[in-house]
Amino acid sequence: IISIGGEGNINIVDLTKGESVINTKIGDDQVLQMTYSQNSNYLRCITKNKLLFIYDPRTDETIENKLTLRYSPTTIVNSYGENEICVAGMTSYLEPIIYAYDISAKLDEKLHETYLFKQSYSHKKSTPFIEYDRYSQVLYATFQGTSDILAINTFNKSFEKQVVYHSVSDTVMGMTILPKQAIKKREINKLIKFSNNRIQRIEHTRGGKLIYDKISNSPKKSISTADDYLNTKKNVAYPDDDVAKLVAADYEEVKKRSVSLYLHVTGKEPLSVLEKYFDLKVSSTASANLGLNLKTNSKYALFPAPTYGGGALGLIQMKSAGRKKQSKLSAHGEKITTFDLCKIAGNEGLVITGSPDTKVIISKINENAQDQISGCEKLFTVQTSGKVTFVSFHPRINNLCVFASNKDGGSSANVYIYDYKEGKIINEIKLEDTKNIMDIQFETVVGLIAAISSSNGIIRLMDIRTGNILRTFKSDTSSRDTKLFWSVDNGQNKPKFYNQLICLGFGKGSVRKLSVYDLTDTVTKYYNTNATIIVDEQKEDAKGDDNDAAKDDEKEKEENIEELENIGTKTFGVSNAIPVGYYDGNDNLLYVSSIGDRKIRVYEINSNDGKSGGVREMNASFQSKEDIMGITFGSKQSVNVKKVEMGKCYKLSKDGVIAPIMFFVPRKRTDFFQDDLYSDVLDQDNKSLDIDIKKEGKLNVDISYVSLKPDDMELLSQAPQEKETEYQKRRNSQVKLMEVEKLKQNKVTDEQWLTGMQASADAAGGVNRWDAVAIASEVADDEWSD
């Protein structure tokens, strides 16, 4: 339904029929503007002849409820109350004026004196425009040809001027408010400002404070058909809370975040070259996709090696540091752009490689009787549908690997689930409208869900058993390729599965950034339906119905790309350097660097800052002396707890050195096991999962966690209280004496204290919850931006 007002009449048009269904005569007059009431039962109109009238647009009866105003109206909007409106216009002295009225009674001459609000302004001959946002209860006003936009708080009918936006370079010709799905929870509103030579977007905030408890990401849904509306005499207003809901009036964010246990985590590289792996031949030109130039497991390390044709990888053993004799793995006719090294116990010698030559090759590293590398043999070669963009072994399930290919110029990509024990493809999934799959990451604990990143920041969650897409959304790291990490908000509590996804890549303008997305609903629903997860022989309750899987299949026939809001994000500079990283689920730490950079930053994900999804940078970052060509980390079970090591990093540099970097938390009582830092970890070094992904129905999955505590160490939580040193005793004694002396000098009576408090209260004045910035011709940067 659309209403069209003009000379002499108002037409109600049914867009489904494409015709006018009701025509209401208004005499020799012209409608200037009109607005529907909140429940659409009435049209509220202003005309050229200064008339204000209200009528039911579903009837063509003569308009009776009308009043001639004492000024020339230009704009009418609904206010917060059901029977409240605001009208702007020009007085006979050509001054702009704004009124607010209660129109619950019939319009008559009393309305001129019983207004809710009246304010005239000194902008001579400047036509006023007003817009109202009922969710924040803010009335915006501007005047044609001026440079100001006023924000007026109407909460509790107070109509207090809250803030002024002042444009320095141009004047305002018009404005409008964007719908709520276009803003974020920490923005009051976004306005579009029209001027003589440009259109600008203005953000109205409260200096980053949280405004909305809930905001809908989708447009309003229709709650009535055209026929129902025209034939029903009473309608229901659209629920406000379905669109946006303000935080509670007494809401207060946590002002002081708790100090992280990992705040001072720092990295240390050995000084001696004998503690590094050196004298390596590293390619200066070849680089793997996403900067993944170094792969390690408990036995070997792989990296791009120089070659005079085809693809080659350098290969060394990791059992001892020092000068290394390098072996070479040659596998393709073109350069190797993606490769992986198996980390499952017993299969450490398996290597998978991919290349633009459309082939995936699985090789095996052989050793002689002296446990030295004697060469590599090809086990399987797989021909794909296009150039290979990603390969990886499954980190948890035996005998599984995955690879992806994309035809040049094609609009689809293929994902292959492959059994490298039998040498056969288990599942081939064709993803339409997908280009350049650059990363596939299996959910960390069980691994039945794969997260897939492709061009334009499109992220898909896929069931590896069926190939069904469980969810599709667009990340805000869409400018280039995106690296993925599964994360969890309770890694210290033996999680059954990981429920969040970290996207690492580039935002607009080559800004390197990371964003965290909450996928709890999707992941929980999937595992409750498809798996019974037993953690350390304690069966977890699984809710769900096997029939849900069939229902989900029906829903996923048509893919829907969501605009999913992140729950935490962080930027770290503008650069073309490809960001790389590693996530530690036990500590919720993300280690981030970039190819060609010299710094490794550490971020805590889901930090305790009053909301889920916080991203906080730790105090110290590791600074390398050489450009970083690649990084990777050893397993959590390989860390040295006696040195309070949190992560064992390996850094590859172009000068042919792989340097181990120990990330640790400085502690004094290192002879005790730091049980506040170390929780039980997923046993990935010793136990993998034997799962037949082609088996139908619910799967039984046994998960094991192990403690890192050595038998010869006692828990720090049970350690005896540390004795004070002589220095600490002297220091504490001096502090107490200083406090006593200070109290003697500054002793204040109760009467003096009360007098001071009363003076402070008198000086403070009265404020309401919208008084964020004092009114001035210029506004603070944290209040408005354009």
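The values are calculated or read from the model by the stated rules, or taken from the named source; none is laboratory data. Owing to the predicted nature of the structure, the values given are computational and were not obtained by experimental measurement. Cβ placement follows ideal geometry from the backbone for every residue including glycine, while neighbour counts extend to all protein chains displayed. Heavy atoms of the whole protein, side chains included, go into the accessibility calculation; ligands, DNA and RNA do not. Shrake-Rupley method; radii C 1.70, N 1.55, O 1.52, S 1.80 Å.
Is it the case that some residue within segment 482-496 is open to solvent by less than 10 Å² (accessible area, probe 1.4 Å) and closer than 17 Å to Ala413 by Cα? Scanning segment 482-496, I find at least one residue that is open to solvent by less than 10 Å² (accessible area, probe 1.4 Å) and closer than 17 Å to Ala413 by Cα, so the answer is yes.
Taken together, Ile459, Ile464, Ile502 contain a single residue that is touching a residue at least 24 places away in the same chain (Cβ under 8 Å), open to solvent by less than 10 Å² (accessible area, probe 1.4 Å), more than 17 Å from the chain's Cα centre (by Cα) and under 23 Å from Ala404 (Cα atoms), which is Ile464.
Just need a number here: residues in segment 407-422 that are open to solvent by less than 30 Å² (accessible area, probe 1.4 Å) and either in a loop (DSSP other than H, G, I, E, B) or within 23 Å of Ser363 (Cβ to Cβ) (or both). Don't jump to the end; show me each part of the working.
First, pick out the residues of segment 407-422 that are open to solvent by less than 30 Å² (accessible area, probe 1.4 Å): 410, 412-420.
Those still in the list that are either in a loop (DSSP other than H, G, I, E, B) or within 23 Å of Ser363 (Cβ to Cβ) (or both) too: 410, 414-420.
Residues meeting the conditions: 8.
In segment 471-481, which residues are open to solvent by 20 Å² or more (accessible area, probe 1.4 Å), touching a Lys or Arg at 6+ places or on another chain (Cβ under 8 Å) and part of a strand (DSSP E or B)? Correct list: Arg471 only. Within segment 298-327, restricting attention to residues that are among the basic types (Lys, Arg) and surrounded by 15 or more Cβ atoms within 10 Å (Cβ to Cβ), the residue that is nearest to Gln441 (Cα to Cα) is Lys299.
Screening His394 on (1) of a type outside the set (Asp, Glu); (2) surrounded by fewer than 22 Cβ atoms within 10 Å (Cβ to Cβ); (3) touching a strand residue (DSSP E or B) at 6+ places or on another chain (Cβ under 8 Å); (4) over 22 Å from Leu280 (Cβ atoms) shows it passes everything except condition (2).
Of all the residues that make up segment 233-247, how many are modelled with pLDDT under 75 and surrounded by 13 or more Cβ atoms within 10 Å (Cβ to Cβ)?
So the answer is 1.
Name every residue in segment 505-522 that is crowded, with 21+ Cβ neighbours inside 10 Å, assigned to a strand (DSSP E or B) and not basic (Lys, Arg), in order of residue number. Matches in segment 505-522: Gly505, Phe506, Leu514, Ser515, Val516, Tyr517.
Residue-by-condition table, conditions (1) open to solvent by 10 Å² or more (accessible area, probe 1.4 Å); (2) under 25 Å from Asp439 (Cβ atoms); (3) touching a Ser or Thr at 6+ places or on another chain (Cβ under 9 Å):
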site: Cys342; (1), (2), (3): no, yes, no
site: Gly354; (1), (2), (3): no, yes, yes
site: Thr358; (1), (2), (3): yes, yes, yes
site: Gly375; (1), (2), (3): yes, no, yes
site: Thr381; (1), (2), (3): yes, yes, no
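Selection of strands (runs of 3 or more DSSP E) fully inside segment 159-236 by the criterion of at least 1 residues being within 28 Å of the chain's Cα centre (by Cα) and touching a residue at least 60 places away in the same chain (Cβ under 8 Å) returns 187-194, 199-205, 212-215.
Counting the residues of segment 617-636 that are in a strand (DSSP E or B) and small (Gly, Ala, Ser) gives 1. For segment 432-456, residues that are open to solvent by 10 Å² or more (accessible area, probe 1.4 Å) and farther than 30 Å from Tyr705 by Cβ total 7.
Scoring Tyr165 on the criteria (1) hydroxyl-bearing (Ser, Thr, Tyr); (2) under 15 Å from Glu131 (Cβ atoms); (3) loosely packed, with under 13 Cβ neighbours inside 10 Å leaves a single failure, condition (3).
Asp213: over 23 Å from Val21 (Cα atoms), among the acidic types (Asp, Glu) and open to solvent by 80 Å² or more (accessible area, probe 1.4 Å), yes or no? Taking the combined requirement at face value, the residue satisfies it. Number of residues in segment 617-632 that are open to solvent by less than 70 Å² (accessible area, probe 1.4 Å), modelled with pLDDT of 90 or more and either of a type in the set (A, V, I, L, M) or more than 21 Å from Asp587 (Cβ to Cβ) (or both) equals 7. When Thr307 is tested against the conditions (1) assigned to a loop (DSSP other than H, G, I, E, B); (2) among the β-branched types (Val, Ile, Thr); (3) under 24 Å from Lys407 (Cα atoms), the lone failure is (3). Could you list, in sequence order, all residues of segment 430-450 that are assigned to a strand (DSSP E or B) and either of a type in the set (Asp, Glu) or farther than 25 Å from Asp518 by Cβ (or both)? If the condition is that a residue be assigned to a strand (DSSP E or B) and either of a type in the set (Asp, Glu) or farther than 25 Å from Asp518 by Cβ (or both), then Lys430, Glu432, Asp439 are the ones that fit. All conditions in (1) closer than 23 Å to Asp683 by Cβ; (2) open to solvent by less than 20 Å² (accessible area, probe 1.4 Å); (3) touching a Phe, Trp or Tyr at 6+ places or on another chain (Cβ under 6 Å) hold for Ile533, with the sole exception of (3). Could you please give the count of residues in segment 82-95 that are in a strand (DSSP E or B) and either over 19 Å from Gln38 (Cβ atoms) or open to solvent by 10 Å² or more (accessible area, probe 1.4 Å) (or both)? Count: 4.
Looking only at segment 104-161, filter to residues that are open to solvent by less than 50 Å² (accessible area, probe 1.4 Å) and charged (D, E, K, R); which one of those is farthest from Asn189 (Cα to Cα)? Outline the logic, then answer.
Going through segment 104-161, the residues open to solvent by less than 50 Å² (accessible area, probe 1.4 Å) turn out to be 107, 111-112, 117, 121, 126-128, 130, 132-143, 145-154, 158-159.
Subset that is charged (D, E, K, R): 133-134, 148.
Details: Asp133: 8, Arg134: 11, Asp148: 16 Å.
Among those residues, the one meeting the criterion is Asp148.
Per-residue answers, yes or no, for (1) of a type outside the set (A, V, I, L, M, F, W, C); (2) in a loop (DSSP other than H, G, I, E, B):
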| position | (1), (2) |
| --- | --- |
| Leu274 | no, no |
| Thr285 | yes, yes |
| Ala301 | no, no |
| Ser320 | yes, yes |
| Ala331 | no, no |
| Asp340 | yes, no |
| Gly346 | yes, yes |
| Asp357 | yes, yes |
| Lys364 | yes, no |
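With respect to Ile426, is the statement that it is open to solvent by 10 Å² or more (accessible area, probe 1.4 Å), out of contact with any Gly (no Cβ under 8 Å at 6 or more places or on another chain) and touching a residue at least 60 places away in the same chain (Cβ under 8 Å) true? Criteria met by Ile426.
May I ask you to say which residue of Leu699, Leu716 is within 30 Å of Asp685 (Cα to Cα), in contact with a Phe, Trp or Tyr (Cβ under 6 Å, 6 or more places away or on another chain) and surrounded by 11 or more Cβ atoms within 10 Å (Cβ to Cβ)?
Numbers: Leu699 fails: in contact with a Phe, Trp or Tyr (Cβ under 6 Å, 6 or more places away or on another chain).
Within the list Leu699, Leu716, the selection yields Leu716.
Can Ser688 be described as farther than 30 Å from Lys723 by Cα, at pLDDT below 95, open to solvent by 30 Å² or more (accessible area, probe 1.4 Å) and within 29 Å of the chain's Cα centre (by Cα)? Here the answer is no, as Ser688 does not meet what is asked.
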